[in-house]
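Rule-based calculations on the coordinates, nothing more; no lab input. Here the structure is a predicted model, which means the values were calculated and not measured. Neighbour counts run over all protein chains shown; Cβ positions are idealised from the backbone, glycine included.
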Amino acid sequence: MPVRCDLFCAVIDNYGDLGVCWRLARQLAAEHDVAVTLWVDDLASFAHMAPGLDAAARTQRLGGITVRHWDGDMAEAVPGELIIEGFGCPLPARFVAAMARCQPAPVWLNLDYLSAEDWVEGCHGLVSIDQATGLVRHFWFPGFTAATGGLLREAGLLAARDAFQADRSAQAAFWQGLGIAEADAFSRKISLFSYENAAIEALLDALAESESSTLLLVPAGRALADVARWAGTRAATLTHGTRLARGRLRVVILPFLSHDDYDRLLWACDLNAVRGEDSFVRAQWAARPLLWHIYPQDEGAHLAKLDAFVGRVNAAAGQPAIWATAQQAWNGLPGREVWPALLAELPRLAVAARDWSARLATQPDLATGVMRFYASRVE
């Protein structure tokens, strides 16, 4: 009998938590024969990234996974042998009580947020005891070293990436499917997916003034407000297919893409501006230069996380110095003049990005690590 897993996700406004949980659910089901029930509290948001999902259905099957609407105390639910709460979303008390009645008790993991900071290695795997039931919960920290919980990476992902990046006809078909048949006429292609970001205007100015032509792809999201401000229009006018032009820059607005299409977008671009966690990890597997817009936190706490990531990459892959400066400028520190220098270094940055991706790929992926841990707890 397959292991039964209940994976819980509360959708945050940026959808990143949902993106991670959906990828993990798919991989557990496809590669580890796990019977996954994915509990999501906002199916309307889920439908944007999962074509074929019925946002009105309380229970449905999608891609080998049972998707259930998390909208009550779930008193009737029967817990599986593996319970994963996405990013600390509190489980309903009745469900936890049902877990406590199971013999043996389920293996309970709290999937936490990704960080490159040194403390993650010491906290990964730590135990918390539920006061009401005595159940043991383990903290699972994704990370960039073998002493952490790893990163999501499906089997065959990197081979699929390499095949796509080497196949001009596959790339042409991808661009054609997005309605951008002229994509290969541009010297470089850049994807832009960020939170609201004051640095977007300076980057777009640099691209417009560059001697090389740029195609900028902007999926639907919070960056549209800054793109609209740069263009002197309203964000509401920037819908799927909208095109903007200034100087050597052409901007195309894309819809919210499925996971598979977003991966192909990252693979097809020469520079990817990403945000949060899910798109950030996928950009590293794309083996292309990236700009990471980390989720802003009070008192600049996010900048320590940014510095930790930059430090790890530089120590392992030797990025040109301009890359670290650009990450800081992208996250609110002074640096308007950094963008022409960054663009000039893209060829060297591409070599370093591929090296970094290859180094990460030598470590176990997150889903495999979860299942190895589960096996160790039930032996």
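Numbers at a glance
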item: Rounded to whole Å, sorted largest first: equivalent-ellipsoid semi-axes of segment 224-370, Cα gyration tensor; result: 26, 19, 17
item: Charge tally in the Cβ shell below 14 Å around ALA352, where Lys, Arg are +1 and Asp, Glu are -1, ALA352 excluded; result: +2
item: Cut-off under 5 Å, modelled amide H: who pairs with ARG275 long-range; result: PHE280, HIS293
item: Isolated Cys residues of the chain, judged by Cβ distance under 4.7 Å to other cysteines; result: CYS5, CYS89, CYS102, CYS123, CYS269
item: Diffusion constant of segment 31-77 at 20 °C, which comes from Stokes-Einstein with the Kirkwood Cα-pair radius and 1.002 mPa s, µm²/s; result: 190 µm²/s
item: Packing-based ranking, highest mean first, of 261-274, 338-351, 153-166 given that Cβ atoms within 10 Å are counted; result: 261-274, 338-351, 153-166
item: Computed FRET value (nearest 0.05) for ALA56 with GLU211, which takes r as the C-beta separation and R₀ as 35 Å; result: 0.10
item: From phi via Karplus (6.51, -1.76, 1.60), per-residue ³J(HN,Hα) for segment 123-133 in Hz, x at Gly/Pro; result: 9, 4, x, 4, 9, 10, 9, 5, 5, 6, 10
item: Calculated FRET value between ALA44 and ALA146, using beta carbons and R₀ = 45 Å, to 0.05; result: 0.70
item: Cut-off 20 Å (backbone N to label point 7 Å along Cα→Cβ of ILE12), residues of segment 55-82; result: 70
item: With 20 Å bins from 0: P(r) over the chain, alpha-carbon pairs, percent; result: 28, 56, 16, 0
item: Whether segment 5-121 is rounded, prolate or oblate, judged on the alpha carbon gyration tensor where a/c under 1.5 counts as rounded; result: rounded
item: At least 30 Å along the helix axis (C-alpha) and Kyte average at least 1.0, DSSP helices within the chain; result: none
item: Between segment 114-191 and segment 1-78, the alpha-carbon center distance in angstrom; result: 18 Å
item: For the chain, share of DSSP beta bridges that run antiparallel, in % to the nearest 5; result: 20 percent
